[in-house]
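Worksheet for the structure shown next.
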Amino acid sequence: MTARQEPVNTGFSTRQVHSGATARPSTPRTIPIHLTAGFPFESFAQAEAHFDAGEGFGYTRVGNPTLDAVERKLADLEGGASALLLASGQAAVTVALLCLAGAGDHIVCARHVYEGTRGLLTENFARLGIDVTWVDSTHDAEQWRAAIRPNTKAFFAESISNARNDVLDIAAISAVGRERGIPLVVDNTFATPYLLRPLEHGAAVVVHSASKFLSGQGAVLGGVIVDDGAFDEETAGHLYPQLTERRTPEAPSLVERFGARARMSQMRDSVASRLGPTPSPLSAFFIGQGIETLSLRVQRQSSNALSVARWLAARAEIEYVDYVGLESHPSHLIAQKYLPNGYGSVFTVTLRGGREQARRFIEALEVFTHMTHLGDVRSLVLHPASTSHAQRTAAERAQLGVTEGTVRLSVGIEDESDLIADLDRALRATLMPTESEEELT
Ligand SMILES: *Cc1c(COP(=O)(O)O)cnc(C)c1O
């Protein structure tokens with residue numbers, strides 16, 4: 001595109017808008033931040049072509065070169081056909097599922113999912129007339145088969161679940177869905193594409209909270225959907241009239257226009273661009289920068305986490321450690337198949353003694369930061385029973401592997417010895433008498 005002419009002989013107000021308003025052409029080595037609401041059309045014909053066939057860039061809610069670069073990077077790393085970057089992980093889950101399901105439809109979801117996803121399905125989707133069935137097992141495909149109804153439009157689960165660290169048997173569960181044309185949507189936030197690529201095992205769609213490991217440094221929020229681009233009209237067409245039917249007799253359907261990529265076209269052009277959860281190009285830039293070091297961070301986080309988990313499991317103050325990298329975890333065998341490069345770095349630890357012990361532990365930690373976030377270069381700690389899971393009953397929490405003594409750790413890239421020294425000091429603090437107890441003695 002040619003640089004715009006600078007305005008001449010115009011007033012101050014015109015010049016403050018139009019002078020120096022474009023960068024001189026150059027090629028930065030990093031992904032440039034196209035922080036702009038939109039893009040001038042080069043010609044009348046190009047404007048027409050953009051609206052007709054989506055050619056080029058017009059308005060950032062529909063597409064932006066910075067977002068596009070990060071989308072191509074993520075599609076490639078997950079082994080998908082295309083990706084859609086969104087403003088948060090919640091937006092990614094929402095857009096992916098609303099592409100597939102609408103009023104009168106049904107979704108089968110793993111019971112062990114992020115609390116925000118559970119709330120989305122039980123409250124928001126319920127009000128839209130979308131039903132959900134919760135399935136306890138992340139490996140018993142028969143439980144998933146039994147939950148299918150004629151109006152089931154999606155299976156949803158996390159590759160490594162929050163909070164129990166169960167690993168999804170993606171091949172087994174996606175195969176049951178495929179028999180009926182139902183896609184498996186996998187939230188791959190905890191594993192990242194470095195450790196696990198669900199599309200390679202039969203999932204059709206992957207979502208992430210890019211706020212976590214992908215950006216990696218906790219500076220921005222983001223989400224992404226990656227689609228396998230293999231929508232099969234023959235086996236699945238009957239479930240998705242929004243993809244196969246013409247809106248008017250003259251307008252070709254999405255499948256007629258985009259073939260096996262129809263699903264992504266529906267997500268991008270129909271669901272996301274209408275609901276509007278577009279990320280800032282600045283956030284997209286940070287996510288793109290973060291991804292460039294993903295493998296290094298995740299390797300280090302996984303090896304730190306394994307050491308920390310083993311060390312904690314041997315301590316008398318600890319009742320149990322739910323880390324899938326430990327031989328004692330019920331998903332350990334499945335994890336060996338799906339996670340050959342590391343077991344991730346987010347898991348829960350349950351202290352003997354309940355909430356008071358958990359409180360003292362968290363308050364004594366110095367290297368670990370007490371906050372509700374995960375996948376950061378910094379190590380983080382949270383007490384789910386009083387925060388993320390506070391609205392659940394004690395019985396529900398127990399089923400989810402969250403009791404009063406449970407704390408969630410997200411292990412960062414610090415030196416392993418400093419993390420263990422910090423945990424050691426904090427565990428000792430849980431055994432100290434409190435001031436009020438001291439007064440009594
Ligand atoms: C954080 C998280 C989400 C939600 O993502 P946001 O970016 O916070 O909206 C979804 N799924 C999982 C597993 C998460 O950890």
Given 411, 381, which one is closer than 17 Å to residue 322 by Cα, free of Cβ contacts under 8 Å to residues at least 60 places away in the same chain and of a type in the set (Val, Ile, Thr)?
381
Could you please find all residues in the range 1-25 being without any contact (Cβ under 8 Å) to a residue 12 or more places away in the chain and closer than 19 Å to residue 68 by Cβ?
23
Residue 70, sole failed condition from (1) surrounded by fewer than 18 Cβ atoms within 10 Å (Cβ to Cβ); (2) closer than 30 Å to residue 190 by Cα:
(1)
Only one residue in 117, 133, 94, 122 is polar (S, T, N, Q), open to solvent by 10 Å² or more (accessible area, probe 1.4 Å), part of a helix (DSSP H, G or I) and more than 27 Å from residue 31 (Cβ to Cβ), so which one is that?
122
List the helices (runs of 4 or more DSSP H) inside the range 157-237, counting only whole elements, that have at least 3 residues being more than 12 Å from the ligand (Cβ to nearest atom) and crowded, with 24+ Cβ neighbours inside 10 Å.
170-178
Applying the selection to the range 76-94, what residues are more than 9 Å from the ligand (Cβ to nearest atom) and of a type in the set (Gly, Ala, Ser)?
79, 80, 81, 82, 83
Flagged pairs (Cβ under 6 angstrom, 6 or more apart or on separate chains; first in the range 257-284, more than 23 Å from residue 215 (Cβ to Cβ); second aromatic (Phe, Trp, Tyr)) are 260/231; 262/231; 263/231; 265/258
Those residues that are among the β-branched types (Val, Ile, Thr) and away from the ligand (no atom under 14 Å from the Cβ), I need them from the range 113-137; list them, please.
122, 130, 132, 133, 135
Just one of the numbered conditions (1) in a loop (DSSP other than H, G, I, E, B); (2) buried (at least 23 other Cβ atoms within 10 Å of the Cβ); (3) in contact (Cβ under 8 Å) with a residue 60 or more places away in the chain is not true of residue 349; which one?
(1)
Within the group 385, 421, which residue is modelled with pLDDT of 90 or more and surrounded by fewer than 18 Cβ atoms within 10 Å (Cβ to Cβ)?
421
Residue within the range 263-276 that is within 16 Å of the ligand (Cβ to nearest atom), open to solvent by 10 Å² or more (accessible area, probe 1.4 Å) and in a loop (DSSP other than H, G, I, E, B) present:
yes
Can you give me the number of residues within the range 99-112 that are away from the ligand (no atom under 15 Å from the Cβ) and either in a strand (DSSP E or B) or touching a residue at least 60 places away in the same chain (Cβ under 8 Å) (or both)?
6
Let me confirm something: among 60, 27, which residue is modelled with pLDDT of 85 or more and surrounded by 12 or more Cβ atoms within 10 Å (Cβ to Cβ)?
60
One residue from 306, 326, 312 being buried (at least 19 other Cβ atoms within 10 Å of the Cβ) and part of a loop (DSSP other than H, G, I, E, B)
326
From 361, 368, grab the single residue that is among the hydrophobic types (A, V, I, L, M, F, W, C), over 26 Å from the mean Cα position of the chain (by Cα) and crowded, with 23+ Cβ neighbours inside 10 Å.
361
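The values are calculated or read from the model by the stated rules, or taken from the named source; none is laboratory data. Since we're looking at a predicted model, the values are computed, not measured. Heads up, the Cβs are rebuilt from the backbone with ideal geometry, glycines too, and the neighbour counts pull from every protein chain shown. Quick note on the areas: whole protein, heavy atoms, side chains included, nothing else; ligands and nucleic acids left out. Shrake-Rupley method; radii C 1.70, N 1.55, O 1.52, S 1.80 Å.
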